[in-house]
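What follows draws every value from the coordinates through simple rules; no lab data is involved. These figures come from a predicted structure and were not determined experimentally. Counting neighbours? That spans all protein chains shown, and the Cβs are built from the backbone with ideal geometry, glycine included.
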Amino acid sequence: MIATIAFALLIVSSVVQAVYLLRREAKVDPFSHYILLAAAVLLLAVTIERSIRIRFVAVTNTFESLVFFSAAIALLLFLYRLRAKDRTIPYINFGATVVAIALLAIASSPIAPKEVVPPIPALQSYWLILHVTLSFIGEAFFVIAFVCAIYYLAARNGDRRKSLDRLTYTTIAIGYPIFTAGALIFGAIWAQTAWGSYWSWDPKETWALITWLVYTAYLHTRFVKRFRGKVSAVLAIVGFAFTMFTFFGVNYLLAGLHSYA
Amino acid sequence: MSALYRFFRSVRLAVVLILIIAVLSIVSTLIPQGRDPSFYFHSYGAFWAQLFLILNFDDFFHSWPFRIPVGLFFINLSVCAVDRFISRRHRRARRRHGPDLIHLGLLLLIIGAMVSVAGRRESFVYMGVGEEIQLKEKYIIRLVEAEYQEYEDGRPKDWISTVAVLRNGELLIPSYSIEVNKPLRIGGVRIYQSSFAREDRALLLDQDGISSTITNGRGFEVEGGLIVFRGIEGKSAVFERWERRTRTAVYRVGIGEPIAEYTVGDLGSREVSGLNAVKDPGFIPVVIALIIVGAGLTLTLIQKGKDREL
């Protein structure tokens, strides 16, 4: 029920944003980001309520992960809107809000069971909590980078492209270390503690590494003049596509150790 | 020599190698790993199966098509790390130690991973309560108690194996509970709680009355094939007959009834704990590498924040 209200708030926020973006006079809407904040608070409340019921931090299945991921995106968009003065931010906010809505729509679908069940033995680890939460916080930054990169490729105005390129870079530069710590470092430590093998070349592990390699390549394209701009933007888009494939595609197309999330 | 140095210090080479490794890794997830050669012939046809097996794509991450780009990346990363250090000394450029730490950590990570590949040893064993296993030369692990906890819906809640450890015959650790996510560390080896299972046993008597015990999953040879003991169902032992790779018959045999040249003398079951002993000399270097990478990433963020680049 709380998740449904949060979902409705995200839709309301996106509609308000769209209305203001479509108006002729360039006026930034004054309140859609507060609706995003309210949605984020409600989604975090869902996580807390489920955590109390299972007596463990509720990030142990697809539904709970998507709720946390959407909350992280909504909260981040609120903070970006408050801090950044860039004129492109309302467009980025709208695109990223649509991504958060899509993620919650998947959470509400039958592919993400909603039963409140305590975790199986392998998942009862504090390393897992760090692994999952930091991965999704890092990926929330990648969502913004993805929208910026698409907007960059579509934009014609030179100044706007420059500012979008910079925003893509800063979001990846912040998200990358958080994602690295969560997905790879804490993931490896958890795997070692649970199974005695810090790396098993399980499909999900391999795809997380592939995603990390793409973002690593992105950060290095900044140093090569020929790669800056279009190549960088394409890598930011591919990186996000791989992030989503690692989360969803591997679960349904490739079998492995991570069959529960 | 300087041309080779310039080639390997190139960031463009780094980007290209990173993307090559990424693409090769994608290919590896599309081809099932570690299967029997017949699987590849059956699934992909003779041409592709032979190509995969020649290129070692069935064990991709140990194959040369993967090792060569990783090796080149290792050289590239080493040269870049050294070059950054030298050029900063010459040009008195702004000191950015974050990326240096990340590069150093990644080099150590690759070395640690290679040590793991070469030196990691793993051994799995099912143990019943009261049984002992010898670990290295001086340690003995004795299973004192095995507990399987379930949630109300029947899903596993915890597997706990309480063990005692003896060194040179003397009690070293009187009691330690090995649980999932809580391994026992002893003499450089870690022992992990891996699984719990029911072990079925059948006592078989041959024509001379000599007895032998068989556990589920094990079998014995007969003319033209193999008889495998699958387990106990009700009051009967279930055996399967396999000829080459095909199951040709299933037999349900009660106590006192024959199976091939044997007679089933007795049937019984017990709970066994699945423990996995792992020795990995590469793990410590990998942990140190991960800490260095983590420190480098944090430092980079702080430095960029100070420089208002973010």
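Brief remarks on what is shown
- When only the Cβ of Lys, Arg, Asp and Glu is charged (+1, +1, -1, -1), the dipole of the range B:156-283 relative to its Cα centre reaches about 640 debye.
- Label zone at B:V82, where the point sits 7 Å out along the Cα-to-Cβ direction: the range B:9-44 residues whose backbone N lies under 11 Å: B:9
- Rounded if a/c under 1.5, otherwise prolate or oblate - the range B:141-212, Cα gyration tensor axes: oblate
- Spatially proximal lysines relative to B:K235 (Cα-Cα < 29 Å; intrachain offsets below 8 disregarded): none
- Cα-only Debye scattering, the range A:1-71: base-10 log of I(q)/I(0) at q = 0.11, 0.17, 0.20 Å⁻¹: -0.34, -0.64, -0.78
- Ranked B:S177, A:S125, B:S161, B:S25, criterion: other C-beta atoms within 10 Å, fewest first: B:S177, B:S25, A:S125, B:S161
- The alpha-carbon of A:K162 sits under 16 angstrom from the alpha-carbons of these aspartates and glutamates, leaving out residues fewer than 8 places away in its chain: A:D86, B:E309.
- Leading residue at positive end of dipole, the range A:1-119 (Cβ point charges), from A:V12, A:F31, A:S109: A:F31
- Near B:F61: Cβ cut-off under 14 Å, other residues only, Lys/Arg at +1 and Asp/Glu at -1. The net charge is -2.
- Global geometry of the range B:177-284, whether rounded, prolate or oblate, following the gyration tensor of its Cα atoms and the 1.5 cut on a/c: prolate
- 222 nm mean residue ellipticity, helices alone, for chain A (DSSP H n ≥ 4; -39,500 (n - 2.57); rounded to 500): -24000 deg cm²/dmol
- Here the range A:32-93 and the range B:5-50 have alpha carbon centers that stand 37 Å from each other.
- Percentage, to the nearest whole number, of Cα pairs in the range A:1-119 over 23 Å apart: 31
- Coordinate range along principal axes, alpha carbons of chain A, Å, largest first: 56, 46, 29
- FRET E, pair B:K235, B:D59, Förster distance 60 Å, beta-carbon r, rounded to 0.05: 0.85
- Kyte-Doolittle mean at least -0.5, axial Cα span of 24 Å or more - DSSP H helices of chain B: B:11-30, B:64-91, B:97-119, B:283-306
- Cα centroid of the range B:130-190 to Cα centroid of the range A:142-172, whole Å: 54
- Longest site-free stretch - chain A; sites: trypsin sites (Lys or Arg not before Pro), DSSP loop, at most 16 other Cβ within 10 Å: A:157-221
- Taking 29 Å as the limit for the C-alpha separation, the pairs B:K182/B:K304; A:K85/A:K230; A:K85/B:K304; A:K225/B:K304 exceed it in the case of B:K182/B:K304.
- Overall form of the range B:79-165: prolate. Here a/c, set by the Cα gyration tensor axes a ≥ b ≥ c, is 1.5 or more, and a/b is the larger of a/b and b/c.
- B:S2 sits among other residues whose Cβ lies under 13 Å from its own Cβ, and their net charge, with Lys and Arg +1 and Asp and Glu -1, is +1.
- Extents of chain B, taken as max minus min of Cα coordinates on every principal axis and listed largest first, are 89, 57, 42 Å.
- One compactness figure for the protein assembly as shown is 1.15, namely its Cα radius of gyration divided by 2.2 N^0.38 Å.
- Ranking B:F220, B:G254, B:G234 by how far each Cα lies toward the positive end of the dipole of the range B:199-269 (charges on Cβ) leaves B:G234 at the top.
- Taking other residues whose beta carbon is less than 13 angstrom from the beta carbon of A:S125, and scoring Lys, Arg as +1 and Asp, Glu as -1, yields -1.
- Each 5 Å bin from zero holds the following percent of Cα-Cα pairs in the range B:1-80: 3, 15, 22, 17, 13, 10, 9, 6, 4, 1, 0.
- Against the rule of thumb 2.2 N^0.38 Å, how large the Cα Rg of the range A:58-200 comes out: 1.18
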